[in-house]
Amino acid sequence: MSDTIEIPLSKKKITLLLIGAMAFVACGIWITTNPDIFTKNIFRITNPEIIRMGGIAGILFFGAAGIYGIRKIFDKKVGLIIDSNGITDNSNASSIGLIEWTDISEIRTKQVMSTKFLLIDIVNPEKYIGKAKNKLQAKLMKANMNMYETPLSITSNTLKYDFGKLEKLIQTEFKKNKNAR
């Protein structure tokens, strides 16, 4: 039986993400209330209503990210737990809790722009999509499924842990535990 490894959430990283989200909301408000400025100076779009809609979209997206960040700052749960049962994920908005080793077929790394994340390929994706706590989480998981062929991903963006070390740790534990049951 493996030891339990607990990786806490990084309040510092979450605070920085929250500050960034608030800055983008502020920019979205400015763009929404002053679209004419942007038709002349920055964007090649000349229709102020299209610019206003972009500002509103930014407010909604980054506002939701900010609300999530506020919730995570006060979250007392451990960010990631790795044990003989599997990986219990509480690190992002699409986290589903326990991902059992027996359900995992492969773990791979993907990078989108500067963000690296682990994709957890599972035998029965619908089992995990069915565990979604709400419709938004289910939509996020389905979007992951469409883009990456798995609904589950883990990043170190909100964890007190380096991504390279996290990747090695999870791959090692997967190899050790995948046939243990």
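Every number here is computed from the coordinates shown, using simple stated rules; none is lab data. In this text, all values refer to a predicted model and were calculated from it rather than measured experimentally. Because the Cβ atoms are built from the backbone with ideal geometry, glycine has one as well, and the counts that use them run over all protein chains shown.
The residue that is farthest from GLY97 (Cα to Cα), counting only those in segment 114-160 that are among the aromatic types (Phe, Trp, Tyr) and under 15 Å from the mean Cα position of the chain (by Cα), is TYR148. The residues listed here are ILE122, ILE107; of these, the one that is closer than 21 Å to ASP3 by Cβ, touching a residue at least 24 places away in the same chain (Cβ under 8 Å) and surrounded by 15 or more Cβ atoms within 10 Å (Cβ to Cβ) is ILE107. Listed by position, the strands (runs of 3 or more DSSP E) enclosed by segment 62-181 that each have at least 2 residues that are basic (Lys, Arg) are 104-112. For segment 17-34, a residue qualifies if it is free of Cβ contacts under 8 Å to residues at least 60 places away in the same chain, over 27 Å from PRO48 (Cα atoms) and under 15 Å from the mean Cα position of the chain (by Cα), and exactly one does: LEU18. Any idea which residue in segment 69-92 is nearest to ILE19 (Cα to Cα), counting only those that are small (Gly, Ala, Ser) and surrounded by 15 or more Cβ atoms within 10 Å (Cβ to Cβ)? It comes out as GLY69.
Screening THR172 on (1) free of Cβ contacts under 8 Å to residues at least 24 places away in the same chain; (2) farther than 24 Å from SER84 by Cβ shows it passes everything except condition (2).
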